Amino acid sequence: MTDRPLLMIPGPVEIADEVLAAASIRPPSHLAPDFKAAFSRALKAMRQVWRADDTHQPFVVAGSGTLAMEAAATNLVDPGEPVLVVNAGLFGDRMAEMLRRRGAIVHQVGSRPGGTPPLEEVDAALADHRPKVLFVTHVDTSTGVRSDAQGILALARRHGALSVVDGVCATAGEPLEQGAWGADVVLTASQKAIGLPPGLALWVASPAALAARRALTVPPPMVLDWLQWLPILEAYEAEANSYFATPSTTLIPALDVGLASLLADGMPAVWARHQRAADACRAAWDAMGLVLVADSPANTLSALSWPDRVDAGALPRIAARGAIVAGGLHPALRSTTFRVGHMGDVTRHPGRVRRAVAAVGLGLRDAGGDVDVDAGLRAFDAHV
Ligand code: PMP
């Protein structure tokens with residue numbers, strides 16, 4: 001560990017040395033035997049990380065989480081079809097806009113920033129609008145709120161709607177059982193709790209989701225089309241040669257290493273260490289007098305109100321004390337909040353999370369905030 005500041009924004013995040021090494025190879029051919037073997041292992045591992053069975057299809061496409069969202073919006077819905085967005089913040093807004101551009105009839109249930117819509121409202125909206133697909137953000141990164149994904153997915157199933165979970169700020173950091181909970185698509189990106197550099201859009205689709213794509217009247221843009229990618233992914237899983245558009249031949253070996261290390265720990269243990277890190281951070285924030293924005297805060301990040309007399313001018317001071325954290329993101333909270341990521345490899349190292357908590361406290365104090373850093377660190381230590 002060097003003295004460089006830790007990257008503690010809600011993605012990209014600190015990555016493990018072994019993942020960094022795997023991503024730092026001389027780029028191989030997309031047809032190299034070792035690359036095909038790594039791709040095959042990564043696809044199989046995705047099903048286990050997502051907790052989905054062999055009937056589910058993993059996708060890995062160069063891009064970011066937004067690409068995975070757009071692929072979901074365009075592969076499941078024809079223009080003119082009704083959809084429901086359970087909107088908890090900025091990324092729900094983004095999903096709704098993508099669906100509008102696809103020509104879908106977009107219904108939404110929303111909440112004040114930091115909240116999530118109550119299950120009764122989701123239930124009533126499903127009954128009223130009979131959407132073909134329900135979209136939900138598992139963790140909204142703009143407010144740090146976690147949705148009751150399991151409860152919402154159960155409602156979608158009961159009303160016969162397909163479901164899409166935006167897990168960009170959640171997958172591998174928050175418990176989610178794609179198969180048992182019945183999510184048709186769970187999408188994420190490589191740079192968050194999965195623990196890789198940015199650059200891969202990742203999602204797993206159910207047989208019902210693939211059937212919905214096959215039944216579309218208006219095909220999606222070609223590079224987003226699940227059916228363009230499907231034979232390529234099937235070929236890679238079988239370690240056979242194929243080509244549609246060049247995959248990231250350095251990030252996929254890193255994905256293989258990163259997912260294998262998650263599975264070596266076991267997903268329940270990975271979720272539990274995110275819970276422990278989040279509990280310790282929350283105890284520290286509380287002891288330092290810092291207030292979370294979210295009603296039901298996520299385990300992957302904390303969105304906090306700036307204390308009195310402090311604003312985004314404190315960010316460089318926090319960085320100077322050892323942690324790079326992020327400013328506000330939600331339009332209504334941009335100037336009044338800041339965000340600290342605590343997901344991915346850093347949760348394996350409570351000492352690093354503690355360093356980040358100390359940097360936040362000291363940086364806020366340097367900026368003129370009335371923050372009891374020692375009390376915060378004592379509270380942190382009592383939780384790890
Ligand atoms: N959804 C959520 C919940 C996110 O947090 C993000 C990224 N912050 C995105 C979607 C978009 O992902 P990306 O920036 O990788 O395109």
- Quick one: if you stick a label point 7 Å off each Cα along the C-beta vector at residue 242 and residue 382, how many nm between them? 5.4 nm
- Task: Would you mind ranking 203, 285 by Cβ crowding within 10 Å, fewest neighbours first?
- Result: 285, 203
- Task: Pull up all non-local amide H partners of residue 105: gap of 5 or more, or a different chain, and H-to-H distance under 5 Å with H placed in the peptide plane.
- Result: 80, 81, 83
- Message: Given contacts defined as C-alpha pairs under 8 Å and at least six residues apart, what's the relative contact order of region 221-305, whole-number percent?
- Response: 17 percent
- Message: List the lysines whose Cα sits under 22 Å from the Cα of residue 44, skipping any in the same chain fewer than 8 residues away.
- Response: 36, 192
- Query: What is the magnitude of the charge dipole of the chain about its Cα centre, with +1 placed on the Cβ of each Lys and Arg, -1 on the Cβ of each Asp and Glu, and no other charges, expressed in debye to the nearest 20?
  - Reply: 360 debye
- Note on the structure: The rounded separation in angstrom of the Cα centers of region 146-194 and region 262-303 is 18 Å
- For region 195-200, just list the computed ³J(HN,Hα) in residue order, Karplus coefficients 6.51, -1.76 and 1.60, θ = phi - 60°, integers in Hz, with x standing in for Gly and Pro. x, 10, x, x, x, 10
- Using the membrane-span-like helix rule (whole DSSP H runs, Cα extent along the own axis of at least 20 Å, mean Kyte-Doolittle hydropathy at least -0.5), which helices of the chain qualify? 33-50, 251-265, 267-287, 350-366
- Calc'd 3J(HN,Hα), region 302-316, phi into Karplus 6.51 cos²θ - 1.76 cosθ + 1.60 (θ = phi - 60°), Hz, glycine/Pro = x, comes to 10, 9, 10, 6, 4, x, 3, 6, 10, 9, 4, x, 7, 4, x
- ³J(HN,Hα) computed for each position of region 332-344 - Karplus, 6.51 cos²θ - 1.76 cosθ + 1.60, integer Hz, glycine/proline x: 7, 10, 4, 8, 10, 10, 9, 9, 10, x, 9, 9, x
- Taking Cα pairs under 8 Å and at least six residues apart, what relative contact order does the chain come out at, in percent? 24 percent
- Most positive-pole-ward Cα, 108, 336, 43, against dipole of the chain from beta carbon charges: 336
- Task: Place a +1 charge on the Cβ of each Lys and Arg in region 6-153 and a -1 charge on the Cβ of each Asp and Glu, then give the dipole magnitude about the Cα centre in debye, rounded to the nearest 20.
- Result: 400 debye
- Message: Going by Cα centres, region 1-74 and region 209-226 are how many Å apart?
- Response: 23 Å
- Length gained when the stretch residue 215-residue 286 is fully extended (0.36 nm per residue, less Cα-Cα span): 20.4 nm
- Query: In nm², what is the average projected area of the convex hull enclosing the Cα atoms of region 50-104?
  - Reply: 4.8 nm²
- Note on the structure: Simple SL model, points at 7 angstrom along Cα→Cβ for residue 20 and residue 265; separation in nm is 1.7 nm
- Message: Which one, 200, 76, 31, has the greatest fluctuation when you compute a Gaussian network model over the chain with C-alpha springs under 10 angstrom?
- Response: 31
- Quick one: 14, 120, fewest Cβ neighbours within 10 Å first, how do they rank? 120, 14
- Kindly provide the pair-distance distribution of the chain built from C-alpha pairs, with 10 Å bins from 0 and whole-percent values in order of increasing distance. 5, 24, 32, 24, 12, 2, 0
- Burial ordering of 335, 142, fewest other beta-carbon atoms within 10 Å first: 335, 142
- Message: Could you work out the relative contact order of region 17-124? I mean the mean sequence separation of Cα pairs under 8 Å and 6+ apart, divided by the number of residues, in percent.
- Response: 18 percent
- Message: Quick check: from the Cα gyration tensor, does region 94-156 come out rounded (a/c under 1.5), prolate or oblate?
- Response: oblate
- Write down the Kirkwood hydrodynamic radius of region 141-196, to one decimal in angstroms, obtained as one divided by the mean of 1/r over all alpha carbon pairs. 11.8 Å
- Take the Cα coordinates of region 250-339, assign each an equal point scatterer, and use the Debye formula without solvent to give log10 I(q)/I(0) at q = 0.12, 0.14, 0.22, 0.23 Å⁻¹. -0.51, -0.66, -1.08, -1.12
- Query: Between rounded, prolate and oblate, where does region 1-95 land on the alpha carbon gyration tensor, with a ≥ b ≥ c its root eigenvalues, rounded for a/c under 1.5, else prolate if a/b exceeds b/c?
  - Reply: oblate
- Message: Using the basic label-point model (7 angstrom from Cα toward the beta carbon), what is the residue 53 to residue 120 distance in nanometres?
- Response: 3.6 nm
- Task: Classify region 164-249 as rounded, prolate or oblate, taking a ≥ b ≥ c as the square roots of the eigenvalues of its Cα gyration tensor: rounded when a/c is under 1.5, otherwise prolate if a/b is larger than b/c and oblate if not.
- Result: oblate
- Message: What are the equivalent ellipsoid semi-axes of region 43-144, built from the alpha-carbon gyration tensor (square roots of five times its eigenvalues), in whole angstrom, biggest first?
- Response: 23, 17, 15
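Just so you know, all these numbers are worked out from the coordinates, no wet-lab data involved. Predicted, not measured: the structure shown is a model, and the values here were computed from it. Ideal geometry is used to build each Cβ from the backbone, glycine not excepted, and the neighbour counts take in all protein chains shown.
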